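Working notes, beginning with the structure itself.
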Amino acid sequence: MLERPAAGERAVIVQLDFGHDDIPELLEEVRLLAESAGAAICAEVYGPRRSPDAATYAGKGKVQEVAAQVAAQEANLVIFNHELSPAQERNLERILQCRVIDRTSLILDIFAQRAQSAEGKLQVELAQLDHLATRLVRGWTHLERQKGGIGLRGPGETQLETDRRLLGKRVKLLKERLVKLERQRGVQRKARVRGEVLNVSLVGYTNAGKSTLFNALTHAGVYAADQLFATLDTTSRKLWLGEAGNVVISDTVGFIRDLPHSLVAAFHATLDATSQADLLLHVVDSASPARDEQVAEVNKVLAEIGASAVPQIMVLNKLDLTGLPPAVERDEYGRIQRVRLSARSGEGLPLLRESLSESALEKMRNGRERLQADEYSLTPDSVLDPGSSL
């Protein structure tokens, strides 16, 4: 497992600008990530750059600036809000004389802290091991000097190969366990499909308010907090909608820009439930200045997991912060496109329930029509003539 920063670890944040327009939002996001991991931010270093430096990512001058902040603030951790190669991490640690982690390591650490279920813990460990596999050599830097010289042959290389073999065995075991859990989840989904129950998944950018909305709808008591990745484990509950009957609503892990591919792969079983849903409630923090970029990032991940074709209703949450009234917006065909509400205050929740009821009733009608079509598809030859002899 990757080392996890201790609570209150003093961190310097590094954010470089390669021509982005949303640097303030990027900085705010990495601050939230660092605080969610338990780090105490003592300094921030940022500035423009044309392209990453091959050896240290930030370039000589900027690395010296980071080193000055590390010394002045007595920091023991540097967080790059970028993806670093193993060699860049190793070079930076050598220069800065403290631990250096990148955005992927930071997100993996938060996931490791948040996972509660057995499946969630397995998924996080698999993602961490996948990330660690590329960095095994960091513990064996003396091998760089190994050119066949006396006294440097054998043991180090053997230990590295042993580590890789043990790592491979652990990864294989985790994948086998996850496949078993995925099969169980698939059986549960098939049972719900047979019952013609509308399956709804809450999706959205992390900290958009999905868990707060889930609790407001189902009274489930799921942990909800103003922090990134408060929810990792998928939770499903039934919601009674009167005439429309029960629907199943699932709260899922939040997405974020540059979500590590290893996490997407490891959480395939969980995210697969999203691609199998009948309807997605795409929860958006309507008060965020970066909401358009966040919507685009969520849709990008949905496309990656094969859920881009699942119908969506966009839930514009946090209207208590925007001052707008609750409302339902429809397209030119009368289909519901957006619902504006506040999950915290409850304003607009009846509108969302009505929208879900409308979708559930439509699924019921479609199911009955398919059943009738199947009955009419029976050919006359398949029906035994009462007058015929056997």
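The values are calculated or read from the model by the stated rules, or taken from the named source; none is laboratory data. These figures come from a predicted structure and were not determined experimentally. Positions of Cβ are generated from backbone atoms using ideal geometry, with glycine treated the same way; all protein chains shown enter the neighbour counts. In case anyone asks, the SASA skips ligands and DNA or RNA and just uses the protein heavy atoms, side chains included. Shrake-Rupley method; radii C 1.70, N 1.55, O 1.52, S 1.80 Å.
Does the range 202-221 hold any residues that are touching a residue at least 60 places away in the same chain (Cβ under 8 Å), part of a loop (DSSP other than H, G, I, E, B) and open to solvent by less than 20 Å² (accessible area, probe 1.4 Å), and which are they?
208, 209
Could we say that residue 15 is polar (S, T, N, Q) and either without any contact (Cβ under 8 Å) to a residue 12 or more places away in the chain or out of contact with any helix residue (DSSP H, G or I) (no Cβ under 9 Å at 6 or more places or on another chain) (or both) here?
No, not satisfied.
What number of residues within the range 123-142 satisfy the criterion of being at pLDDT 75 or above and open to solvent by less than 50 Å² (accessible area, probe 1.4 Å)?
10
Any chance you could count how many residues in the range 337-373 are surrounded by fewer than 20 Cβ atoms within 10 Å (Cβ to Cβ) and outside any helix (DSSP H, G or I)?
Number of matching residues: 6.
What is the residue count in the range 222-239 for residues that are at pLDDT below 70 and open to solvent by 40 Å² or more (accessible area, probe 1.4 Å)?
4
Here are 292, 272, 285, 258: which of them is among the acidic types (Asp, Glu), in contact (Cβ under 8 Å) with a residue 40 or more places away in the chain and under 24 Å from residue 335 (Cβ atoms)?
285
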